[in-house]
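The structure that follows is given in the form of structure tokens.
Derivation of every value follows stated rules applied to the coordinates shown; laboratory data play no part. Source: prediction; values computed, not measured. All Cβ positions, even for glycine, are placed from backbone atoms using ideal geometry, and neighbour counts span all protein chains on display.
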Amino acid sequence: MSESSAGAGDIVAAAATTAAGWRRAGVAGAAIGVLAAGAAAGVAVERLTVGRGMRKKARLALDATGPYGSLRGTPGRALADDGTELYYEVDEVELPQAADRNGSAESAPGPATASGTRRRRLFGRKAPAPVTVVFSHGYCLGQDSWHFQRAALRGLVRAVYWDQRSHGRSARGRAQADGVPVGIDQLGRDLKAVIDAAAPEGRIVLVGHSMGGMTMMALADQYPALIRDRVAAVAFVGTSSGKLGEVNFGLPVAGVNAVRRVLPGVLRALGSQAELVEKGRRATADLFAGLIKRYSFSSKDVDPAVARFAERLIESTPIDVVAEFYPAFTEHDKSGALPAFRDVPVLILAGEKDLVTPSSHSEAIADVLPDAELILVPDAGHLVMLEHPETVTDRLADLLVRGGAVAAANVGEHGSTAQQPGRR
């Protein structure tokens with residue numbers, strides 16, 4: 001038997017093992033197992049000509065050479081209302097040198113420090129606080145999912161990138177350690193804590209992808225005065241204001257109904273056996289790579305390094321975190337909070353072929369915010385900001401101009417998968 005045939009067989013066998021584990025988690029979990037085995041068969045067919053060893057070497061090579069997620073800023077930490085430590089980074093504006101009264105050059109301020117942002121004082125007066133753009137990432141991702149937009153905007157705007165609780169470099173939610181479920185309202189309060197710590201004054205622009213957009217809606221629901229007084233513009237990327245329980249994820253009706261019934265219970269069971277499940281995830285890396293690609297992207301020619309980067313982001317989210325966040329999405333309904341954004345420029349952007357938060361959900365947001373700019377990107381899936389970064393960055397730059405964050409859309413050429421920015 002050839003290595004490629006053996007590799008394909010291993011994928012299906014691994015899926016069968018995973019399916020058996022799901023069945024042990026509950027009889028109804030067999031429905032999940034059937035879907036996993038079906039997905040594995042598809043992955044096997046795609047990879048019959050590529051050996052398992054070669055695939056592993058390719059992943060390692062992409063991990064070593066891909067620069068995505070390498071950009072870093074000045075670190076900071078905010079405390080949520082339950083004591084959870086939330087990690088964020090700040091990219092400061094690179095101000096040009098200014099001449100003082102004697103004509104000598106005065107350098108621009110350095111980056112933020114632990115004691116607060118250093119701001120230039122001209123003629124004894126403190127300059128106005130710059131507009132700060134706050135980026136909130138999606139479920140099972142992290143702040144690095146904004147890599148291309150961050151590369152393009154570095155130095156042009158003051159930006160805050162943060163990791164939601166239990167994701168990335170933020171701490172595991174303290175309330176969740178005590179058995180309290182995660183709710184979207186909690187994420188809204190977390191965002192408020194980050195804003196208070198990283199951008200306590202000045203105007204702000206809110207940018208959120210998927211769960212990050214829902215987090216922004218929860219912020220508006222609980223702190224409408226903050227939106228009214230400080231928010232200059234808003235961008236919702238591939239997100240939803242509710243009715244996520246009706247999403248079919250591109251599955252047949254019978255299959256998706258079965259998944260809806262059993263998935264919360266199965267995830268809870270898997271989350272209780274996190275160590276065992278993580279070993280299983282590593283053993284079935286090829287299967288999950290195929291699933292991640294299907295539900296992240298739509299284009300056939302996605303840069304392999306970008307696809308691998310998305311895998312790494314999602315793989316880094318522990319199964320128990322996946323489990324404890326999932327129920328919040330079926331309960332999410334923040335359509336009533338959307339009118340808070342009617343008086344500011346709003347960008348609503350989604351991939352036309354998004355299987356996770358379908359573009360119809362973005363259209364529903366636009367129905368409530370009729371003055372918003374609605375952009376549906378052809379041949380794009382859920383991770384549109386990684387799949388078509390040029391489009392997302394271009395529309396975001398225009399929003400920042402309208403919101404007064406930058407004087408002109410003078411965005412660098414780093415918002416492209418054709419380039420590999422290594423700037424730090």
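How do 84-93, 157-166 rank on mean C-beta neighbours within 10 Å, highest first?
So the peptides 84-93, 157-166, ranked by packing, come out 157-166, 84-93.
How big is the shadow of the Cα convex hull of segment 139-210, averaged over all directions, in nm²?
5.4 nm²
Using packing as a proxy for protection, rank 375-386, 327-338 so that the peptide with the highest average count of other Cβ atoms within 10 Å comes first.
Put in order of decreasing packing, that is 375-386, 327-338.
With a ≥ b ≥ c the root eigenvalues of the C-alpha gyration tensor of segment 161-257, is it rounded (a/c under 1.5), prolate (a/b larger than b/c) or oblate?
Oblate is the answer for segment 161-257, as a/c is 1.5 or above yet b/c matches or exceeds a/b.
How many angstrom separate the Cα center of segment 344-411 from the Cα center of segment 174-214?
Using only Cα atoms, the two centres lie 21 Å from each other.
So, one more: Can you tell me the order of 140-150, 226-236 when each peptide is scored by its average per-residue count of other Cβ atoms within 10 angstrom, highest first?
Listed from highest to lowest mean packing, they are 140-150, 226-236.
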